[in-house]
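One structure below.
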Amino acid sequence: MSNDAKTVSEAYESGLTGASERVAEFHEKDSPLKRLQHWLHTTPSAVPMIVLLLALLFFGFATSNFFKAGTLSTILQQIAIVGILGCAQTLVVLTAGIDLSVGAIAVFSSVLMGQFTFRYGIPAPLSIILGLGLGTLMGAMNGFLIARIKLPPFIVTLGTWQILLAANFIYSANETIRSSDIEAQAPALRFWGNDIVFFADAAVKNSGVKVLYAVFLMIVLVAVMAYVLRHTAWGRHVYATGDDPQAAALAGVPTGRVLIQVYALAGLFCAIAGWVMIGRFGSVSPTASTGQLGNIQSITAVVIGGISLFGGRGSIIGMFFGALIVGVFEMGLRLIGTDPQWTFFLIGVLIILAVAVDQWIRKASA
Amino acid sequence: MSNDAKTVSEAYESGLTGASERVAEFHEKDSPLKRLQHWLHTTPSAVPMIVLLLALLFFGFATSNFFKAGTLSTILQQIAIVGILGCAQTLVVLTAGIDLSVGAIAVFSSVLMGQFTFRYGIPAPLSIILGLGLGTLMGAMNGFLIARIKLPPFIVTLGTWQILLAANFIYSANETIRSSDIEAQAPALRFWGNDIVFFADAAVKNSGVKVLYAVFLMIVLVAVMAYVLRHTAWGRHVYATGDDPQAAALAGVPTGRVLIQVYALAGLFCAIAGWVMIGRFGSVSPTASTGQLGNIQSITAVVIGGISLFGGRGSIIGMFFGALIVGVFEMGLRLIGTDPQWTFFLIGVLIILAVAVDQWIRKASA
Amino acid sequence: MDQKGFSMTTEPILKARGLVKRYGKVTALDECDFDLMPGEILAVIGDNGAGKSSLIKAISGAILPDDGKIWLEGRDVIFRNPIEAREAGIETVYQTLAMSPALSIADNMFMGRELRKPGFIGKYFRKLDRPAMEKFAREKLNELGLMTIQNINQAVETLSGGQRQGVAVARAAAFGSKVVILDEPTAALGVKESRRVLELIRDVRKRGIPIILISHNMPHVFEIADRIHIHRLGRRLCVIRPQDYTMSDAVAFMTGAKLPEGVTEAA
Amino acid sequence: MDQKGFSMTTEPILKARGLVKRYGKVTALDECDFDLMPGEILAVIGDNGAGKSSLIKAISGAILPDDGKIWLEGRDVIFRNPIEAREAGIETVYQTLAMSPALSIADNMFMGRELRKPGFIGKYFRKLDRPAMEKFAREKLNELGLMTIQNINQAVETLSGGQRQGVAVARAAAFGSKVVILDEPTAALGVKESRRVLELIRDVRKRGIPIILISHNMPHVFEIADRIHIHRLGRRLCVIRPQDYTMSDAVAFMTGAKLPEGVTEAA
Amino acid sequence: EDVSACLITKTDTNPFFVKMKEGATAKAQELGVALKTYAGKVDGDHESQVAAIEACVADGAKGILITASDTKAIVDSVKAAREAGVLVIALDTPLDPIDAADATFATDNFKAGELIGQWAKTTMGDAAANAKIALLDLAISQPSVDVLRDQGFLKGFGVELGDPNKWGDESDPRIVGHEVTSGNEEGGLKAMEALLAKDGDINMVYTINEPAAAGAYEALKAAGKDSGVLIVSVDGGCPGVKDVKEGVIGATSQQYPLLMASKGIEAIAAFAKDGSKPAPTEGKDFFDTGVTLITDKPASGVDSIDSAKGLELCWG
Ligand SMILES: Nc1ncnc2c1ncn2[C@@H]1O[C@H](COP(=O)(O)OP(=O)(O)OP(=O)(O)O)[C@@H](O)[C@H]1O
Ligand SMILES: Nc1ncnc2c1ncn2[C@@H]1O[C@H](COP(=O)(O)OP(=O)(O)OP(=O)(O)O)[C@@H](O)[C@H]1O
Ligand SMILES: [Mg+2]
Ligand SMILES: [Mg+2]
């Protein structure tokens, strides 16, 4: 009786013969403003860039010492660590997670590298490799708890934050390793604290602009991750996992594996940040405030950079601008000479404003 | 030609006459275990309750001082503030938000109440009302930014956390109002620090178990909010807003208004917590740790209590048990005599374990 | 030119002119017109992506059109959100159903218009009247023959696709007072359940309430509709009566295979 | 008793016996059996909530049945997740489509099997070959006549319901190697697009790949299916050939209005 | 020409540093020095201090006054600043090594602890041999003030120290336990409650500072032990001295932040004028701004002043 069925559908489908294939092309008004809005909309990282430019302009006018090469390179070196932690945080946030343990992993890794060298006499390069490996392992542990035991990222990393920070204090016995010892015995630990001097005047001592290796490292890491996230299958899987994990799993993304990899990689980035901390601060200190504040700072950079905390949306370049904005504000306010409490106050206002501007531009162009 | 259509559908729909109305009732195995699992599944707050019982048993065996009435009432009074902040946090988290500013609002409100009384000489009860009102306003500001400007809650409250804490230090000039002054001049501020003594032996001084008014307040607030969330339309709207805000808006929930109300109410709860802080700590101190840690503590209680950070799922009773679990662990570990660093470490482990157990029970019963 | 073939005896209960809605580069509504007559069943048909859902979203306050005007019973209205439209008596089943997955069927049906207990408790403690809500929900679902829903307190997320759609339709039919809009209400429904929905639509019309029905099911449309609004490329191509044309004609119009008399494609 | 009316000449390519799946109190699959023959189009029909989606989810690894066994080409298999099923050649379009809303159409079509650039860049830098992926995606969508999709880089969330469904179907048809499963693929599609999907299904079958089609559209089912699996109350009631029964019979069986010969309801 | 200076404190919420800032600001105004102030975000925030030093150098400051959070780790940044020609003076806390700074104006925190320890031991007399001691410290990261005061107290009280560079490793049975307080009332209260639950017979309480002592007192009062328990503390802020007067705190070691700050500003002004650097106190490698025991129950063999005198000298 399938003839019966045939008749039924032919009753109306005969109308299909000769159906138009015309595409619904619509006349579009292409005013420059519209095009700007469209560009902003399709290039989300441009929004923090604009906020950054405005901030630079403002501080350039407000304080005379701001637009000196030295000041600008100082800003870059001050955000190097947050920028690297931000790479870790970006990955995690793109999967709709959050990593409160980034700072703790960084500090603990730096302590491990230092203590391995000085307590056990392991050669510095090997200590560094061990430190990086252990940092990766800490991240992988987060990933395992989140992907396999299916615990919420917030709570897992809240727990490991406390655990790692306490372990860090207990293991190091609160001991700082001095800068002079490191310089003498393990210069590899301080590698990222070296600098390249630009525009130096040979005649004048300490002239020129110093740029730390750490700054180049941060920029390279951001660039590499931007490529990976945008142009490799793995990067797409990270986005898909954050966007809708169930849909991604049904569509064939091994979401569990992706999550573990993301957290492990985040752990590696944190350990790298830990290594950079040694170079930047000279010494190895278990009480470094990155352990307490690194998470909030990196999350701030990520969010000002326009990455959605619900996952799947945003770009790592945005995070980089986010970190820069915070760095520029902190330095600018310091130079203006605002009281520290007022600086906190204004940074708070900035965070809200930056996101509000972002939101406003997106809405205008939607 | 609608007859034509009629024929088309009648071609098969004639089969409908006499269609069975039978409900798909399935034979269900009603073993006691299955029923327990089902009960756990439908009563999510039971899971933290079980974790709590296990913790109580463990510490009861591990340390002799634990099961004394005094110890237990101390635990209750130590969680009173976290419990009240947890009510605020629960509301916010149920709407898929997060409130990082709870501690800052609490501390700032307590400072405002104190300074109004002592700096400007406003009568204490009026100061309290003003403080409660201002706390509500701070919460409403969060709500406005989130609901109307459509900024993400994490970033808004991260900003207001910094802003309010800085404002708190600037306004108070870091001055503490001393306990003896408050006792002498403004006992209303210390109201919640009064206690009721149970099982007192009139002959012996200081015998019996003291329970602070603050503890009763916390329990009453939890009970009232449990009723409101479960049995009023507004409560259902809070859940719907957190569950799927777009769906809720299309279904006729004024999601924007609900959000503002939720954050304002959370602000009120925080201000109440601020008032309770004065009673509990005796003095008014702008540096109280609650300002820095209140958010993490209340979120921990909420999450251990089984409330989903993605919104729309969980019960406030769970939060109460979550706060209790943390309180019991902290006290228990101290009594066992671990070093503060180890206590910190073990609390981290606890947080993860408690949520893992929760997850495991839910999976077993699903 | 749209009213070709029949004269306007009464004023439309719901009327829209020149609606425009753009999404970035895509124009979902392109100067679209719309008329719903009192007491009629108006079907809206068109290709995927023609802009049907956008049209009814604009009418029901779910999106704000970039341009254009809407009249309800002759009065100029602007709905800034679905609640305003609902308060004006327009009840809508969206294609994406608009339910809170974690809440129960009864909670979802009464979302935004919950019943309170009578007397003191309801007035001062604002306590919900769950038994009454559950009873009502059960009755409405029974009318639709969704008997396989075993527990009215089940969370909506545990329902099958078709069951969910049934709940949404039952909600709209129960509460609509001026206009009921259904966006593909039978798309996920079985034969039996679809038939029930069609009967329900007739019942609602019998109560004097006009209905807008978006559907891709031509036999259903031709069986039940009084008039058919054919949507193409973001605008109303024409309105026909099912008696005047064959299904095959309608399909040809909506897919662009043929043009109705008097209409040029570039209109 | 299910094979009543025709003899088994070959082994089923996909076979399941005694599948059970419980959700709390609800039993979605109740000792359900299933057979798919090589090269055939098997339709699965049944009331809403009968357990059709649960059945194909169990077969495709999306849920783990509580009990029961599955054989693919005679080999005993257990799919713990959809990826394993996909690697075994089973491609599925779920009722809830399984797409990442923020990603582009092309990204979604190639999710989990992305193409890499040839040569050095692809091998060592693992760079995606976007132009190739976009070209392929565009071709497949054109085959389905989804011409109104203007930009292959558009995010899936900006597509209309029907367009999304089209993308999902195109993906499954393009990549399925052993079995293609479609759960209500035409539910949200227009007349033209539905016809294209039916043609596509025939094309896939011509490539020798068997298809499981869940649908509530009886004319479509009877037109295209080789055999029809009728699902009722969580289990297979019977399997019929469209030549042997009328649509009306099938509807009567699946709604419980009539019982097929030799089957008792309490089976 | 205008002289600019920087003051970098550990935090700017602790009243001690707030007063230090006030002292510096007043002196700077008097001498016509432009002063900018910085602080860590939390106790022990080392990175913010590094960033602050960098900002000061970028800003062309003549001198930096710093109370270092991490006395070893900050050395590098201090060196860089000194190389850039900035005078760096450590306030309150000496750097490690102490000569990393151009000069140090500090309290001897270990001595401050020792004084209250000795006082407590003498006051308790024979009972000291079976005292029950509660130690309310600052933070689990054990910053150097925290360790110095705690260990100084224990030494003064006659408890054998383990590693003098950390607290918590002593084996003396008189110690009921260490708890951390964040140096505020809330922390002091909660820590005291916990220790009381552990052992209700505590009769000797050491506290890191006076706010923590005030919190501890509230807990003791609630437990009905407002008399009979000896509380000792360090700092000498005005509320603290008032608490000594009211008998809440038995004794406290007073330090002089205002003096440190004004001395520091003067030194920078002098340095800007003629490049001269301040000299340390004789016999010490730093300029000791002094610490004085304040109590209304003087103990023999321990020098002290009474609370009335203390109130004249207190700083906030
Ligand atoms: N939120 C959005 N963002 C961008 N584009 C959108 C959005 N919603 C709809 N569109 C576009 O608008 C056009 C019309 O969509 P609409 O959903 O109204 O179509 P429809 O006629 O309902 O189709 P269907 O029958 O498939 O449901 C489509 O091309 C779609 O891609
Ligand atoms: N995740 C779940 N949790 C609880 N119950 C569920 C879940 N998924 C499905 N069910 C229940 O299992 C039964 C079968 O659902 P299923 O989706 O398989 O039906 P279906 O035959 O596909 O229906 P439809 O034609 O409406 O899609 C339904 O009663 C449904 O309520
Ligand atoms: Mg639509
Ligand atoms: Mg289904």
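The values are calculated or read from the model by the stated rules, or taken from the named source; none is laboratory data. This one's a predicted model, so the numbers in the text were calculated from it and none came from an experiment. Note that we place each Cβ from the backbone using ideal geometry, even for glycine, and neighbour counts take in every protein chain shown. Accessible surface is based on the protein model in full, side chains and every heavy atom, while ligands, DNA and RNA are left aside. Shrake-Rupley method; radii C 1.70, N 1.55, O 1.52, S 1.80 Å.
Exactly one condition in (1) away from chain C (no Cβ under 14 Å); (2) out of contact with any strand residue (DSSP E or B) (no Cβ under 6 Å at 6 or more places or on another chain); (3) of a type in the set (S, T, N, Q) is false for residue D:48; which is it?
Failing condition for residue D:48: (1).
For the stretch E:1-85, which fully contained strands (runs of 3 or more DSSP E) count at least 2 residues that are of a type in the set (Gly, Ala, Ser) and more than 19 Å from residue E:139 (Cβ to Cβ)?
Here the list reads E:3-9.
Table: residues versus (1) surrounded by fewer than 24 Cβ atoms within 10 Å (Cβ to Cβ); (2) closer than 30 Å to residue B:170 by Cα; (3) within 13 Å of chain E (Cβ to nearest Cβ).
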residue: A:272; (1), (2), (3): no, no, no
residue: A:275; (1), (2), (3): no, no, no
residue: A:285; (1), (2), (3): no, no, yes
residue: A:288; (1), (2), (3): no, yes, yes
residue: A:304; (1), (2), (3): no, yes, no
residue: A:317; (1), (2), (3): yes, no, no
residue: A:323; (1), (2), (3): no, yes, no
residue: A:336; (1), (2), (3): yes, yes, yes
residue: A:360; (1), (2), (3): yes, no, no
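If you go through the stretch A:83-114 one residue at a time, how many are closer than 19 Å to residue A:215 by Cα and among the hydroxyl-bearing types (Ser, Thr, Tyr)?
2
Of all the strands (runs of 3 or more DSSP E) wholly in the stretch D:1-117, which have at least 1 residues that are more than 16 Å from ligand 1 (Cβ to nearest atom) and open to solvent by 30 Å² or more (accessible area, probe 1.4 Å)?
D:14-23, D:26-36, D:67-72, D:75-77
Which residues, counting only those in the stretch C:169-208, are farther than 20 Å from residue B:251 by Cα, open to solvent by 10 Å² or more (accessible area, probe 1.4 Å) and away from ligand 4 (no atom under 16 Å from the Cβ)?
C:195, C:196, C:199, C:200, C:202, C:203, C:205, C:206, C:207, C:208
Hey, among E:90, E:34, E:39, which residue is more than 9 Å from chain A (Cβ to nearest Cβ) and within 25 Å of residue E:259 (Cβ to Cβ)?
On inspection, the qualifying residue turns out to be E:90.
Among the helices (runs of 4 or more DSSP H) confined wholly to the stretch E:124-238, which include 3 or more residues that are under 23 Å from residue E:310 (Cα atoms) and within 11 Å of another protein chain (Cβ to nearest Cβ)?
Because the criterion is at least 3 residues that are under 23 Å from residue E:310 (Cα atoms) and within 11 Å of another protein chain (Cβ to nearest Cβ), the helices (runs of 4 or more DSSP H) in the stretch E:124-238 that meet it are E:210-222.
Checking residue D:80 against (1) in contact with a helix residue (DSSP H, G or I) (Cβ under 7 Å, 6 or more places away or on another chain); (2) away from chain C (no Cβ under 14 Å), which test does it fail?
(1)
Between a residue in the stretch C:195-209 that is of a type in the set (D, E, K, R) and any residue that is open to solvent by 70 Å² or more (accessible area, probe 1.4 Å), which pairs come within a Cβ distance under 8 Å, given they are 6 or more apart or on different chains?
Partner pairs satisfying both residue conditions: C:196/C:143.
Go through the stretch D:26-85 residue by residue and tally those that are within 11 Å of ligand 2 (Cβ to nearest atom) and polar (S, T, N, Q).
Final tally of qualifying residues: 4.
Return the residue satisfying two criteria in turn: it lies in the stretch D:17-29 and is within 15 Å of residue D:53 (Cα to Cα) and away from ligand 4 (no atom under 16 Å from the Cβ), and of such residues it is farthest from the chain's Cα centre (by Cα).
So, considering only residues that are within 15 Å of residue D:53 (Cα to Cα) and away from ligand 4 (no atom under 16 Å from the Cβ), the one farthest from the chain's Cα centre (by Cα) is D:22.
I need the full set of residues from the stretch C:157-167 which are surrounded by fewer than 24 Cβ atoms within 10 Å (Cβ to Cβ) and within 16 Å of ligand 1 (Cβ to nearest atom), in order please.
Across the stretch C:157-167, the qualifying residue is only C:161.
Mind listing whichever residues of the stretch A:165-192 are outside any helix (DSSP H, G or I) and in contact with a Phe, Trp or Tyr (Cβ under 6 Å, 6 or more places away or on another chain)?
The answer is A:177, and nothing else.
Look through B:344, B:281 and report the one residue that is within 8 Å of another protein chain (Cβ to nearest Cβ) and touching an Asp or Glu at 6+ places or on another chain (Cβ under 6 Å).
Step by step, each of B:344, B:281 is checked, and only B:281 is within 8 Å of another protein chain (Cβ to nearest Cβ) and touching an Asp or Glu at 6+ places or on another chain (Cβ under 6 Å).
Say we look at the stretch B:226-250 and pick out the residues that are open to solvent by 10 Å² or more (accessible area, probe 1.4 Å) and under 17 Å from the mean Cα position of the chain (by Cα); which of these is nearest to the other protein chains (Cβ to nearest Cβ)?
B:239
Can you find a residue in the stretch C:52-59 that is more than 14 Å from chain D (Cβ to nearest Cβ), within 16 Å of ligand 3 (Cβ to nearest atom), touching a helix residue (DSSP H, G or I) at 6+ places or on another chain (Cβ under 9 Å) and modelled with pLDDT under 90?
Within the stretch C:52-59, none of the residues are more than 14 Å from chain D (Cβ to nearest Cβ), within 16 Å of ligand 3 (Cβ to nearest atom), touching a helix residue (DSSP H, G or I) at 6+ places or on another chain (Cβ under 9 Å) and modelled with pLDDT under 90.
Scan the stretch A:101-121 residue by residue and report those that are outside any helix (DSSP H, G or I) and open to solvent by 10 Å² or more (accessible area, probe 1.4 Å).
If the condition is that a residue be outside any helix (DSSP H, G or I) and open to solvent by 10 Å² or more (accessible area, probe 1.4 Å), then A:120, A:121 are the ones that fit.
Please give the number of the condition residue D:197 fails out of (1) over 21 Å from residue D:90 (Cβ atoms); (2) more than 12 Å from chain B (Cβ to nearest Cβ); (3) in contact with a Pro (Cβ under 6 Å, 6 or more places away or on another chain).
Looking at each condition in turn, residue D:197 falls short on (1).
Need the failing condition index for residue C:143 against (1) within 16 Å of ligand 1 (Cβ to nearest atom); (2) within 29 Å of residue D:26 (Cα to Cα); (3) touching a Lys or Arg at 6+ places or on another chain (Cβ under 9 Å), just the number.
So the condition that residue C:143 fails would be (1).
Would you mind telling me which numbered condition in (1) open to solvent by 10 Å² or more (accessible area, probe 1.4 Å); (2) more than 20 Å from the chain's Cα centre (by Cα) residue B:253 fails?
(1)
Do we find a residue being assigned to a loop (DSSP other than H, G, I, E, B), within 14 Å of chain B (Cβ to nearest Cβ) and within 30 Å of residue B:303 (Cα to Cα) anywhere in the stretch A:151-160?
Scanning the stretch A:151-160 turns up at least one residue that is assigned to a loop (DSSP other than H, G, I, E, B), within 14 Å of chain B (Cβ to nearest Cβ) and within 30 Å of residue B:303 (Cα to Cα).
How many residues are among the polar types (S, T, N, Q), within 12 Å of another protein chain (Cβ to nearest Cβ) and away from ligand 2 (no atom under 16 Å from the Cβ) if we restrict to the stretch D:154-191?
So the count comes out to 4.
Tell me, which residue of the stretch C:36-77 that is acidic (Asp, Glu) and more than 25 Å from residue A:12 (Cα to Cα) is farthest from ligand 4 (Cβ to nearest atom)?
If we take residues in the stretch C:36-77 being acidic (Asp, Glu) and more than 25 Å from residue A:12 (Cα to Cα), then C:76 is farthest from ligand 4 (Cβ to nearest atom).
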